1. In cubic angstrom, how much convex hull volume per residue do the alpha carbon atoms of segment 305-357 span?
2. Can you list the residues, at least 5 places off or on another chain, whose amide H is less than 5 Å from the amide H of A160, using H built in the peptide plane?
3. Return the long-range amide H neighbours of D439 (sequence gap of 5 or more, or a different chain), with a cut-off of under 5 Å between placed amide H atoms.
4. With each pseudo-label sitting 7 Å past Cα toward Cβ, what's the F46-E34 distance in nm, one decimal?
5. Using a 1.4 Å probe on the protein heavy atoms, what percent of the accessible area of segment 237-297 belongs to carbon and sulfur?
6. Quick check: the angle from helix 442-454's long axis to the longest principal axis of the chain, C-alpha only, nearest 10 degrees?
7. Divide the volume of the convex hull of the Cα atoms of segment 400-471 by its number of residues and quote the answer in cubic angstrom per residue.
8. So if each residue of separation counts as 0.36 nm, and I subtract the Cα-Cα distance between F283 and D441, what length gain in nm does that give?
Amino acid sequence: MNRISKTLGGISLLFFGIATANGQPLMDGKVSVENLAVSRSEDKLFVSMDMNVSSLELISNREVVLTPSLCKNADTLLLPAVTVAGRNRYFHHLRNGIESDAALYRAGTADVLAYKVVIPYQDWMNDAVLSVSNAICGCCSEKLGGGTEQLLALELSPKAFVPVYLYMRPEAKPKINVIEEGTAYVDFPVNRTEIYETYRRNPVELQKILSTVDAVRNDADVRIISIGIKGYASPESPYENNERLAKGRTMTLREYVRKQYDFPDSVITVSYEPEDWAGLERFVEGSSLNGRDGILRIIRSGMDPDAKEWKIKKEYPQEYAYLLENVYPALRHSDYSVKYEVRSYTDVNEIKRLLRTQPQKLSLNEMYLAAKDMEPGSDEYNETFEIAVRMFPEDEVANLNAANTAMRLHDMKNASRYLQKAGASPMAVYARGIFAALDGDLDAAIALFVQAQEAGIAEAAEMIARIEELQ
């Protein structure tokens with residue numbers, strides 16, 4: 001097996017983001033912001049930073065008011081301010097009370113001011129800008145200068161685990177021959193083996209066989225390998241006579257089909273079964289006949305056919321009469337099959353056409369040849385893998401790729417169902433790691449990715465790193 005494609009996923013596992021920055025200078029380097037972090041929970045926003053004011057020199061009657069704010073378009077929120085004051089301004093505020101909710105610090109007494117605030121979260125804050133304005137004030141709060149400087153453009157939308165999907169291309173294999181099958185109830189006169197084409201329902205029943213042959217024979221892309229006919233008789237009357245009837249009627253039907261098409265004798269194969277006891281058993285087993293269990297015991301016994309038929313007739317006469325009239329006619333039938341091979345396809349456009357019209361003609365490998373020519377994640381691409389698993393429902397590669405497509409489409413229910421049939425290849429383990437991550441089980445996801453990485457899937461290391469970064 002080899003990979004057909006590698007695509008980024010369209011489904012993600014969400015985590016709340018954290019925005020960080022360090023060493024941001026303000027006021028021409030007189031103040032710097034370090035260890036800045038902004039994060040959010042469901043309903044709260046956390047802002048923390050260290051304001052290094054060791055280079056800020058203030059005379060006694062000066063102060064600097066630092067006011068962080070969040071802004072996006074018309075939405076603005078001022079956060080609590082920090083005032084760093086010279087000696088006289090500092091004591092002025094202590095005597096008179098600071099005029100705002102700003103934290104008050106005396107210049108020269110601390111080099112780093114720890115700033116932390118928790119505010120109610122609003123959606124617009126996800127990609128707002130965090131800035132700090134500074135106001136230089138003198139005596140009587142006279143404003144002597146100031147400005148606003150940007151600290152950080154936030155990106156707090158939930159972070160996402162974005163998987164890389166690995167699609168597998170199957171090994172090229174010879175196409176498996178296709179078989180069309182059916183059952184015809186050709187009616188013969190009592191104890192006779194010749195066919196009367198207009199007798200009772202024979203026109204309809206004979207046409208069923210011919211229509212199946214025609215559907216294959218008239219297709220330029222296929223070649224008939226063989227036509228099989230197997231005849232059955234019902235259990236009444238002696239077994240030896242039923243054997244004669246089953247064999248004779250089957251040979252007559254074979255000759256009828258051969259003449260319609262002038263097939264060589266070698267194309268049409270025949271077999272027969274004198275009495276269809278298996279068909280009778282299936283009917284009785286699914287019936288509500290009064291003597292159901294007893295009749296089944298007789299059918300399944302080791303007695304010879306004539307003895308079984310006589311015993312049912314003797315011990316269950318009413319049920320036997322019902323079977324003879326309503327069930328035995330259906331046991332006189334001919335099963336037929338048309339085995340054929342379909343040519344191989346290499347033209348991508350032709351394969352795409354057949355995907356829409358006759359996908360049963362395509363092998364898995366041909367379907368993936370077409371997928372390579374499609375845009376990953378497109379409707380056409382996704383549909384191709386859905387068709388593949390529908391046509392090959394037990395194939396591990398088809399199920400693996402269908403699981404990837406289902407996860408891309410957020411269809412975790414079907415993804416789980418497909419993964420159950422995806423086998424135990426390294427790529428299947430990797431896909432199960434993606435499923436676990438998207439399902440929120442990160443520990444299981446990492447364990448699966450580690451297993452896939454050890455088995456040679458290089459992308460698993462990147463998936464582990466992405467989960468660890470989010471954690």
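1. Here the figure is 150 Å³ per residue.
2. Placed amide hydrogens put F15 under 5 Å from A160.
3. none
4. Result: 2.1 nm between the two label points.
5. On the way: 1540 of 3330 Å².
C and S atoms contribute 46 percent here.
6. 70
7. Spelled out: Cα convex hull of segment 400-471, divided by residues, is 76 Å³.
8. 51.9 nm
The values are calculated or read from the model by the stated rules, or taken from the named source; none is laboratory data. Being a predicted model, the structure only gives us computed values, none of them experimental. Ideal geometry is used to build each Cβ from the backbone, glycine not excepted, and the neighbour counts take in all protein chains shown. SASA here: full protein model, heavy atoms, side chains in, ligands and nucleic acids out. Shrake-Rupley method; radii C 1.70, N 1.55, O 1.52, S 1.80 Å.
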